[in-house]
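Beneath this line is the structure, given in structure tokens, with notes to follow.
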Amino acid sequence: MSYGIGCLLSLFLILNGCHNLDSGNDEQSHFILLKGLGAGEVRTIPYDSLIAPDPYILADEATRTYYLTASGGTMWKSPDLRSWEGPYSYIEIDTTSWMGSDPMIWAPELHHYNGKYYCFTTFTNTDIIVDTVPERCDVLRRATHILVAEKAEGPYHPISDISYLPEEWSTLDGTLFEEEGVPYLVFNHDWMQLENGEIKHIALAEDLSHTEGVATSLFSGRDAPWPREMQSIGELTFGMSLSGYVTDGPFLFKTGTGRLGMLWSSWSDKRYAQGVAYSLSGRL
């Protein structure tokens, strides 16, 4: 039996296409929609009945809708900020990735950037230990990752499985900031690993698929005058008395006069508090 070169080439392409199709389906099978904490029957409630730790609200011009996300992985929608509909699950992950099959989800933020919607969120895989700090606790695999969607409501899935920061770092509370056309990931390097927590930044690729260069520290918890050392105020962390200074939740903004500022959180004399830092140079 004989075949022409063209026929053999066509057969090869068909078989190769079938192989790629099977691989693609197999890859898709790893993605699951995570059921957020408290997810259940969709309902409408007033704003003062919402329980939303680490909340973030995206005001989406395309749909004229507000989208609220919070730790735990659920989303709420509102036309007016007064009544909210939800909860909706909206995060998809590859269960074979470093995130694992049931990660903790902290402080998700939604951003509309260059025509797409992105979710910056922190995943924690409690089955992986990346570091052990003497007289503290095991440091879990915790990192900010970036997910993408075509619509504000999602579903959002990881752009890739590539880690944005060193795997041995415990990082969280990542946010997006653009300066002179360059996107940046601004994040916390966990105080539970460093003891003196730091807020850092690193440049992102144009499509936000990976980081470029090395991370630079902006400041540490001890640099500001108002945060207090955790043991000095008797504050427990997961039931443990740990020394150190907390840095949490950076979010950058510009004032009406163009001054660059950052909201961030730590522990003050009596309770968890929010502070403001301003850039002396006017730049990140």
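Remarks
- As a calculated quantity, the FRET efficiency between L263 and L33 at R0 = 30 Å, using C-beta atoms, amounts to about 0.45.
- Largest mean-square fluctuation among S232, S209, S217, in a Gaussian network model of the chain whose springs join Cα atoms under 10 Å apart, belongs to S232.
- Virtual spin-label span in nm between K254 and E212, 7 Å along Cα→Cβ: 2.0 nm
- A cut-off of 5 Å between modelled amide H atoms, ignoring neighbours fewer than 5 places along the same chain, links G73 with L37.
- Our summary gives region 27-219 a relative contact order of 14 percent, counting only alpha carbon pairs under 8 angstrom and 6 or more residues apart.
- Answer label, with mean projected area of the Cα convex hull in nm² calculated from the coordinates and candidates (i) 21.0; (ii) 14.4; (iii) 16.7: (i)
- Label-point separation, Y272 to D138 (7 Å along Cα→Cβ), nm: 2.5 nm
- Environment charge at S83 (Cβ cut-off 12 Å; Lys +1, Arg +1, Asp -1, Glu -1): 0
- Taking other C-beta atoms within 10 Å as the exposure proxy, E198, E206 rank E206, E198 from fewest upward.
- Cα-based reach from K151 at 24 Å (exclusive), listing lysines while leaving out same-chain residues under 8 positions away: K35, K77, K116
- Rounded to 10°, Cα long-axis angle of helix 5-28 versus longest principal axis of the chain: 30 degrees
- For the chain, modelled as a GNM whose springs connect Cα atoms under 10 angstrom apart, the maximal fluctuation among G38, G234, G181 occurs at G181.
- Put the Cα centre of region 42-63 next to the Cα centre of region 227-253 and the gap is 27 Å.
- By the count of neighbouring beta-carbon atoms within 10 Å, fewest first, L194, L34 end up ordered L194, L34.
- Ranking I51, C119, I159 by how far each Cα lies toward the positive end of the dipole of the chain (charges on Cβ) leaves I51 at the top.
- Computed FRET value (nearest 0.05) for T95 with R283, which takes r as the C-beta separation and R₀ as 41 Å: 0.50
- In the chain, taking the dipole from charged Cβ atoms about the Cα centre, the farthest positive-side position among P108, Y66, C137 is held by Y66.
- Counted charge near A39, where neighbours are those whose Cβ lies closer than 15 Å (Asp, Glu -1; Lys, Arg +1): -2
- Helical runs assigned H by DSSP (4 residues or longer) give the chain a calculated mean residue ellipticity at 222 nm of -3000 deg cm²/dmol, each run adding -39500 (n - 2.57) before division by the residue total.
- Most fluctuating residue given options P158, P227, P53, as computed from a GNM of the chain linking Cα atoms under 10 Å: P53
- Excluding same-chain neighbours fewer than eight residues apart, the aspartates and glutamates reachable from K254 by a Cα-Cα span under 17 Å are E178, E179, E180.
- Length released on extending from E179 to T126, taking residue separation times 0.36 nm less the Cα-Cα span: 15.6 nm
- Here region 27-219 is assigned +1 on the Cβ of each Lys and Arg and -1 on the Cβ of each Asp and Glu. Its dipole about the Cα centre then comes out at about 580 debye.
Since every read-out is calculated from the coordinates, none of them should be taken as a lab result. Since we're looking at a predicted model, the values are computed, not measured. Every residue, glycine among them, receives a Cβ derived from its backbone with ideal geometry; neighbour counts consider all protein chains shown.
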